[in-house]
Amino acid sequence: MSEKLNQSQEMALLMLYDKRMGRAGKRLGLTPYLVDYWYLHDAQITQLLPFVGVPGDYHYWNKGKEAERNRQGGYGGHIYEMVLNTNPSVCYLSSTNTVPMQLHVMAHAVWGHVDFFANNKMFAETQPTTVLERFKQARNKLTELVDNPEWGWQNVEYYMDAIHALENFVPWLPTIEGRLSDKQLREQLKQELVELKRRANIEGEVSSSMKRQLEGGIASLEAQLKRYPIQPTGDLLGFLADPENTPDLPEQVRMMLAIVRDRSLYFQPQARTKFMNEGWASYWQRELLLQPEVDLPLEYRFDLAQSWTMHDQQASAWYLDPYALGQGLWRYIDRKYGYDEGEVSVKVPLLSKDKDGNPIESRKSKSVSVTVRNRDKMMEVRRHYDDNRFLEEFLDEEFFEFTNEQSLDWVRRAIRMINKAIVRSGWSAQLAFEPIPPSLNEMMQIVQIWMQVQKTSLESHQQAGTPIFPVSEQTLKEMGTILQIVAAFDANKHQIRRQLVLRTGYHSVPNIQLVDTGKFSDNSWTLKHVVDDNFGPLLQSECRDTLKFFWRLRGTASPVRLLTMEPKQEKGPLEPYEYYTEDGENVKERFL
Amino acid sequence: MKITDKLGRSLSVDVVVKAPLIDMWMEPLGYNLTDSATHFLRVPEGQFALRVMSQLGADLLVHLNGKLLLSAAVPKGIQYLECDQEGNPFFFGPPDVREAGNLNKNAFFADGVMVFANDGFTGDSVDGDSTTGDGATNNEITGDGVEDQTIVLQEPLAAPFGDGVLFVVARFADDPIYGECQPPRQEITATFQLQAPEDHDKNLAGSLSRLIQPALPDEPDEVIKVTSSSRPKFVCTCTGCNTGKGHAH
């Protein structure tokens with residue numbers, strides 16, 4: 001397959017390998033949706049980036065801003081692929097990829113990501129069969145509204161800006177079955193109240209302490225019944241979209257709320273399973289392509305070896321990068337829970353060409369024996385976990401010890417290479433440290449000495465043309481970072497674990513709930529921020545803006561408050577704090 | 001760390017400590033966080049120095065724990081400032097360690113370093129790339145109605161206070177190239193948080209979610225290719241990573 005192929009032959013080859021990957025994937029228990037491959041130019045793919053690849057997504061100024069930012073930042077590198085959580089799935093392949101890279105992205109995207117979308121329960125409610133149509137309809141509706149002379153861009157933006165500011169405040173998936181609605185809960189509590197009052201009348205006459213207890217219960221229930229909603233809700237967009245809660249809100253705004261809410265719910269699982277999903281795809285991009293059914297030629301394997309390790313460029317990525325950390329965890333699960341259970345013989349058709357030179361599978365085949373690996377635990381985790389649970393459970397001491405040993409091994413190899421380069425380049429032998437000391441502190445000292453020499457040699461070179469130390473500052477910083485992370489792990493294992501869990505994206509969304517609309521009291525709406533010690537207090541500017549945006553979306557001019565906690569002094573304890581607005585413009589603040 | 005003014009002139013100011021392994025200075029390891037401009041350094045308790053590297057001379061103010069220790073003019077080249085203006089070596093650590101330790105009484109000012117006796121810069125200063133305040137201008141109307149603009153002396157910048165907080169203010173010395181028309185004397189600052197090794201390790205453990213990962217090597221012809229510079233950068237966009245979801249608050 002090393003001769004140059006024309007485009008149609010290349011497509012035929014890719015589809016042939018797609019079929020082969022399908023055979024291997026089926027045997028391994030992978031079950032992605034069917035896939036539509038779209039073969040696009042780089043420019044077409046980059047145009048889709050702000051829409052997260054979904055064609056037909058609605059246009060908005062913030063996407064233009066993101067597009068410009070992407071353009072200025074060089075898009076973070078070449079976009080090799082995109083794939084959508086749809087059924088059938090849409091997988092974009094870049095026209096500038098080589099054949100080995102196309103195979104890599106097909107394995108990564110389809111047998112990694114699409115399989116994950118199809119099997120992880122977080123995605124069960126995203127309705128992948130209708131999402132493309134839903135997004136198109138949403139775009140059409142918004143376009144109609146913008147073109148409507150009674151609305152226009154300004155009014156649409158007035159509401160959409162506010163809705164986007166609150167776009168993360170949607171229900172937490174998956175939906176809990178059998179949960180009582182607010183109405184049902186209110187009825188239930190009313191009945192409980194009646195029962196408590198009856199008991200207070202009867203049993204209260206027998207015992208005064210019982211009477212007090214029952215009266216306390218009655219007071220608590222009455223207070224609860226005065227609140228609306230009965231249960232605090234974090235689904236702010238859903239609450240605002242419900243006409244029962246915002247009867248004076250224009251229908252068009254309700255429509256905008258529903259559109260953004262639907263979009264947020266669609267993307268929420270992707271944000272909450274980033275580490276798992278990227279790790280899964282990074283795991284299978286190699287494992288699948290090495291299966292005998294795929295039968296990759298040797299020259300492809302050399303190219304692919306480079307792609308397979310692209311997220312290992314820095315050893316610190318094994319702790320901090322979703323791809324590398326995710327893949328590391330999946331391999332750990334495989335090592336710990338997987339086992340070999342015999343062998344199976346696989347028939348692999350040999351490749352040939354038809355009369356037009358297109359690659360085809362011939363009738364001749366070979367039999368290859370392959371070890372069957374039990375990956376039941378991996379499949380179970382794939383189905384039931386999200387990032388939080390994935391990291392909480394598997395980012396354990398054993399995993400860390402293994403990763404620390406790997407990264408220290410990387411540092412030792414780097415030290416060996418640098419020692420050789422120092423001697424070879426004619427630097428003082430004093431700067432080459434042989435043998436490599438075993439302790440962490442001594443390795444740190446070596447790196448620190450080299451950092452000093454590197455920087456001063458660069459300065460001397462600029463000023464007087466003297467030789468530069470043969471290692472870059474970034475490499476030494478990378479070594480220093482690894483050594484510090486290992487030392488930090490030794491200092492506080494629990495804390496470092498906690499911090500890595502916190503790096504998963506969705507947990508940095510603040511927990512803000514609507515606790516009361518004042519429907520049965522003073523008509524003022526109350527939002528409450530539940531402080532998370534890991535993140536500390538909210539940014540004050542964001543509190544004021546959030547409050548102003550929320551005020552806009554209720555269709556009523558009643559006041560809104562946000563209750564949170566702020567320190568009175570820098571680094572002091574947190575105390576109750578209130579942000580309050582009556583007009584949606586001026587925000588008053590005070591400690592409570 | 002390297003600090004650069006608006007004209008692109010740069011100077012490097014770093015903390016260095018003595019290496020036990022061989023007799024020379026070494027640069028302590030450190031990290032940066034996403035929500036802070038401070039450089040957190042792992043510094044053993046004891047003496048330290050400031051390494052100043054510049055192709056031009058520079059004027060420096062050095063504060064430790066909120067107290068001004070040194071006000072000096074540093075010539076161009078690579079200079080090591082080892083002691084304050086009273087000749088006491090720069091020291092990090094609790095007082096009992098200082099008293100018990102053998103301080104290098106031979107700590108000296110590098111050649112060409114001039115120490116100022118006053119408390120701060122008395123020249124004009126404007127807002128540079130850092131946390132300095134604005135230079136204020138007083139407009140006084142004189143008897144014949146002409147405005148007399150005088151530059152109000154910059155109040156000394158309040159140095160951040162805290163145990164082990166090293167705060168350096170620097171500005172470039174006059175460059176003969178410019179003759180009489182010298183560029184504005186912008187002040188630029190750097191804050192280092194010196195932490196004893198145990199504290200540093202614990203603090204890093206508690207801040208890992210905000211750690212800034214080191215950049216990839218960008219010199220393709222470096223002798224040590226510890227990482228390959230020709231690997232493709234893979235951008236996978238299928239999981240909504242461009243939506244910006246999950247921002248820290």
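The values are calculated or read from the model by the stated rules, or taken from the named source; none is laboratory data. The model shown is predicted, which means the values in this text are computed figures rather than measured ones. Here the Cβ positions follow ideal geometry from the backbone for every residue, glycine too, while neighbour counts run over all protein chains shown. Ligands, DNA and RNA are excluded from the accessible area calculation, which covers all protein heavy atoms including side chains. Shrake-Rupley method; radii C 1.70, N 1.55, O 1.52, S 1.80 Å.
A:Ala200 passes every criterion in (1) of a type in the set (A, V, I, L, M); (2) in contact with an Asp or Glu (Cβ under 7 Å, 6 or more places away or on another chain); (3) open to solvent by 60 Å² or more (accessible area, probe 1.4 Å) apart from (3).
The C-beta contact set for the stretch A:97-109 (first residue more than 12 Å from every other protein chain (Cβ to nearest Cβ), second residue at pLDDT below 95 and not in a helix (DSSP H, G or I), distance under 7 angstrom, 6+ apart or interchain) comprises A:Gln102/A:Leu93.
Checking each residue in the stretch A:292-317 for being out of contact with any Leu (no Cβ under 9 Å at 6 or more places or on another chain), of a type in the set (D, E, K, R) and either in a loop (DSSP other than H, G, I, E, B) or without any contact (Cβ under 8 Å) to a residue 40 or more places away in the chain (or both) picks out A:Glu293, A:Asp312.
Each residue in the stretch B:171-201 was checked for being over 30 Å from B:Ser71 (Cβ atoms) and either crowded, with 19+ Cβ neighbours inside 10 Å or away from every other protein chain (no Cβ under 14 Å) (or both), and 1 pass.
Within the stretch A:462-470, identify whether any single residue is at the interface with chain B (Cβ under 7 Å from one of its Cβ atoms), in contact (Cβ under 8 Å) with a residue 12 or more places away in the chain and farther than 30 Å from A:Pro559 by Cβ, and answer yes or no. The answer is yes; a qualifying residue exists.
Taking the criterion of being touching a helix residue (DSSP H, G or I) at 6+ places or on another chain (Cβ under 7 Å), surrounded by fewer than 16 Cβ atoms within 10 Å (Cβ to Cβ), part of a helix (DSSP H, G or I) and not β-branched (Val, Ile, Thr), would at least one residue in the stretch A:227-239 satisfy it? Within the stretch A:227-239 (the criterion being touching a helix residue (DSSP H, G or I) at 6+ places or on another chain (Cβ under 7 Å), surrounded by fewer than 16 Cβ atoms within 10 Å (Cβ to Cβ), part of a helix (DSSP H, G or I) and not β-branched (Val, Ile, Thr)), the answer is no, since none of the residues qualifies.
Among the strands (runs of 3 or more DSSP E) contained in the stretch A:511-592, which hold 1 or more residues that are acidic (Asp, Glu), open to solvent by less than 50 Å² (accessible area, probe 1.4 Å) and without any contact (Cβ under 8 Å) to a residue 24 or more places away in the chain?
Hits in the stretch A:511-592: A:574-581.
One residue alone among A:Leu289, A:Leu257, A:Leu249 is farther than 22 Å from A:Ser181 by Cβ, out of contact with any Asp or Glu (no Cβ under 6 Å at 6 or more places or on another chain) and either away from chain B (no Cβ under 14 Å) or assigned to a loop (DSSP other than H, G, I, E, B) (or both), and that residue is A:Leu289. Looking only at residues of the stretch A:533-555 that are among the charged types (D, E, K, R) and within 14 Å of chain B (Cβ to nearest Cβ), we find that the one that is farthest from A:Asp248 (Cα to Cα) is A:Asp533.
Taken across the stretch A:331-349, residues that are of a type in the set (Gly, Ala, Ser), open to solvent by 30 Å² or more (accessible area, probe 1.4 Å) and at positive phi do occur, with at least one present.
I want to confirm something. Restricting to the stretch A:83-134 and keeping residues that are open to solvent by 10 Å² or more (accessible area, probe 1.4 Å) and of a type in the set (Val, Ile, Thr), which single residue is farthest from A:Ala305 (Cα to Cα)? Looking at residues that are open to solvent by 10 Å² or more (accessible area, probe 1.4 Å) and of a type in the set (Val, Ile, Thr), I get A:Thr130.
Criterion first (under 30 Å from A:Met15 (Cα atoms), basic (Lys, Arg) and surrounded by 14 or more Cβ atoms within 10 Å (Cβ to Cβ)) does A:Lys141 satisfy it? When the stated conditions are applied, A:Lys141 does not pass them.
Within the stretch A:382-410, residues that are closer than 14 Å to A:Gly279 by Cβ reach partners that are open to solvent by less than 30 Å² (accessible area, probe 1.4 Å) and assigned to a loop (DSSP other than H, G, I, E, B) with beta carbons closer than 7 Å, at six or more positions or on different chains, in the pairs A:Arg382/A:Asn120; A:Asp386/A:Thr273; A:Asp387/A:Thr273; A:Asp387/A:Thr504; A:Leu391/A:Thr504. Can you list the helices (runs of 4 or more DSSP H) lying wholly within the stretch A:3-81 that have 1 or more residues being at pLDDT 95 or above? Result: A:7-28. Among the residues of the stretch A:110-150, those that are acidic (Asp, Glu) and either within 12 Å of another protein chain (Cβ to nearest Cβ) or part of a helix (DSSP H, G or I) (or both) comprise A:Asp115, A:Glu133, A:Glu144, A:Asp147. Does A:Asn70 meet the test of being out of contact with any Lys or Arg (no Cβ under 7 Å at 6 or more places or on another chain), within 14 Å of chain B (Cβ to nearest Cβ) and either surrounded by 18 or more Cβ atoms within 10 Å (Cβ to Cβ) or not β-branched (Val, Ile, Thr) (or both)? Spelling it out, A:Asn70 is indeed out of contact with any Lys or Arg (no Cβ under 7 Å at 6 or more places or on another chain), within 14 Å of chain B (Cβ to nearest Cβ) and either surrounded by 18 or more Cβ atoms within 10 Å (Cβ to Cβ) or not β-branched (Val, Ile, Thr) (or both).
You will find that of A:Val453, A:Val411, the residue that is open to solvent by 10 Å² or more (accessible area, probe 1.4 Å), at pLDDT below 95 and among the β-branched types (Val, Ile, Thr) is A:Val453 and no other.
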